[in-house]
Structure formats: structure tokens, C-alpha cells
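What follows is a single structure, written as C-alpha cells, with notes after it.
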Amino acid sequence: MSTEESYFRALSKLSRDMAATDDYLKMGHLLVSTAVKTLKAKAAVIFLMDENSEDSISSNAVVQVGLSDKYIHAGPAHAVKISPQLQEDGYMYFRDATTDKRLMNREAKKAEGIGSILSVPVLDKGRMLGILSLYTKDIRKFTKGEIDFLSILAEHGGSRIENALLIQRLRNQSRIFLKLAASISESLDVKTILQAMTQDLVKSLRLKAAAVQLLDEDRRTLKRVACFGLSEKYLNKGPILADKNMAEALKGKTVNIKNVLTNTGIQYKKEKEEEGIISMLYVPVKSKEEVIGVLIIYSGRQREFMEDEILLVTALAYQGGLAISNACAYLVMQDDIKDLKENIWSHKSWF
């Protein structure tokens, strides 16, 4: 069998096997296993973009085969360093992994018995999703055909993995919405409901943080009633005023901020930079037809929030407003108008 025919058969089998699953981890394992078997290598590993770090590849292997559990990969700084060259040249070749000064953890590579390394970008529609690295036992020079095969493998697999991640994200979003709807129907504990919502949002959309802020009685300052992912230092930075972006959200508009450092309407820029916040999304929270606060999500990398993500956050903000409306209705039903009037803006009765 010719080399070209073996490559074609390997790609055909990989396509069939990937079509049989929607689990991105299984797809990744199929990908690295195909690379090792077809190119007769020692090991292979896939690293994906860290969704919450600007231009960074996660230092944790998403999937790998052929490496021992004790082997420690280089940190994300190394991936950031080589990513531009990977995108420009299409691959990077390290002839001797134990002596090449471009690599980190050379002693660990020597102990693991790694000879040469070939790395290619994992792509989807030209966008870099991560890195596929192939490890050999002995020092080895790769042919153009081998480099092209690994590159095709990475691009083919990248497209499938990205689709699987999209399906997973949509499923997670549906679960979050169902969970919140069930909580609202079963409880009047608004603080617990909103706190769980922020936590679920961060995990589902792979965000840095999320928070719900409601207008105080003066309707100029806001009170944070639920949050997840923000440090105590950031939370204690000072009063939250209805700045330009917040003011737009309080008018009922969704505000998408790509970079907080260049946006003129951002409050506490220095503190946001120190916290590692890059992009933000403001979505109004309504009780009946009145805007009473804002649901904010924070990203640690610059990103354009996708339509399905914005729709999810908007739907959850609406559900959060519904939970607050239910709490108000309950107070009215208890004929405690005085308590409602005293606490509706200070939120004491809800939290």
C-alpha cells in the first residue's frame, strides 16, 4: 500500500468514526490515535484555546495518547509564543526536543523519551482552535507529505470538534434555562435562584464571571445581589454607578463591549484590567415592563458574543425578572404593602 493510499484510508476511517459520536473528547481521542498510528509516532496531544484567556492555549491537554501520567506539559506561555509562527508557517518542527531552546521542560521531555516534535494548528474555517502536537521516540525528520497529512488531520478534526462543542453548548444552555424555570416555579428565594443562575452561566459559556445588579432606591446606584467568579478585591472597589453603558442597559438595550479598556463608557477601568476582564455584555433585567437592573457577563479574553449566547443571557435575565416579580406578588398577597414599599428597592425582603 502506498503512503498516499494509507493516508486516504486513515482519513476516511477517521471521518466515519467521528460521524458516529457527538462527544468532542472522543473525537479528540480518535484524532490523536489516528495521528500516532498512521505516522508511526510515540504520542500525540491536542491543546485547545483557553476560552477565558486572551490569545492563550490551555496548558492542560484536552486529549492525549502515548504519554505517561507524570509527564508535565509546558505552560500556556509557550503556546502563546509559538502560535503566531504556527499560523503563519502552518507548522513548527523541533528536531531534538531535549536540546531545542525554543521548548520548555526539556529535561521532562528527555525523561519521557521524546525525540522530535511536530506541531500544527487545529483550525476551523481559518480560526485557530488549538494545537495538535506529534511526538516521536527517536530524532526524526518529517517529510512534506507527513506534515501535510498532520495538518489536514488537524483541520478536519478541528471542524468536527468545533461542531461538537457547539452542540454541547446548546444542550448546556437548554439545561440552564430549564433549571432556572423550575427553580422559579418552586421557590421564592430570589437570591439563591439568581446566584445559581450566575454560576451556571459562567460554566456553560466558559466565562470569567457573571453578576446581577439591581437599582437602589435612588435609581442612580446599583446593588450587586448575585455574582460568581469575581474576586473580593474587585467586589470591594467602590459604589456601582449607572455609567454610560449601564445607563443604556437600564433603558432596555443590550450592550456588547468588545474591549473594556478602549470603551469610553466603562467605570473602574483600572480595576477591570487588574481583574483580567476584557469583554462584557450588559442585559437589562425587567420586572413586568420596568427595568430594575442588569445582568452582566464578563470574559477574560476579547470575544464577540454570539447570537445564541446573547439570546440565552437575555432569556435568563427575563426569567430573573420574573422571579423578582413573583416575590413582589407574594408580598402583595400577604397584604404587607408597607414592607413591600420599604424594601422593594433595598431588596431586604428578597435577600
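Table for the structure above
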{"item": "Two-site FRET efficiency, Leu261 against Glu5, from Cβ-Cβ distance with R₀ of 51 Å, rounded to 0.05", "result": "0.45"}
{"item": "J(HN,Hα) series, the stretch 232-239, from Karplus relation 6.51 cos²θ - 1.76 cosθ + 1.60, nearest Hz, glycine and proline x", "result": "4, 4, 5, 5, 9, 5, x, x"}
{"item": "Charge tally in the Cβ shell below 12 Å around Leu30, where Lys, Arg are +1 and Asp, Glu are -1, Leu30 excluded", "result": "+3"}
{"item": "Label-to-label distance, nm, for residues given as Lys251 and Thr143 (7 Å Cα→Cβ offset)", "result": "6.5"}
{"item": "Nitroxide proxy distance, nm - points 7 Å out along Cα→Cβ at Arg127 and Glu232", "result": "3.8"}
{"item": "Packing-based ranking, highest mean first, of 37-44, 253-260 given that Cβ atoms within 10 Å are counted", "result": "37-44, 253-260"}
{"item": "Loop trypsin sites (Lys or Arg not before Pro), the stretch 108-160, which have at most 15 other Cβ atoms in a 10 Å radius of their Cβ (DSSP)", "result": "Lys125, Lys137, Lys141"}
{"item": "Proximal charge balance of Ala164 [Cβ under 14 Å; K/R count +1, D/E count -1]", "result": "-1"}
{"item": "Cα gyration tensor shape for the stretch 213-298, rounded if a/c is under 1.5, else prolate or oblate", "result": "prolate"}
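A short reminder: the numbers here are calculations on the coordinates, not readings from a lab. Just so we're clear, the structure is a prediction, and the values are computed from it rather than from any experiment. Methodologically, a virtual Cβ is constructed for each residue, glycine included, from the backbone with ideal geometry; neighbour enumeration extends over all protein chains shown.
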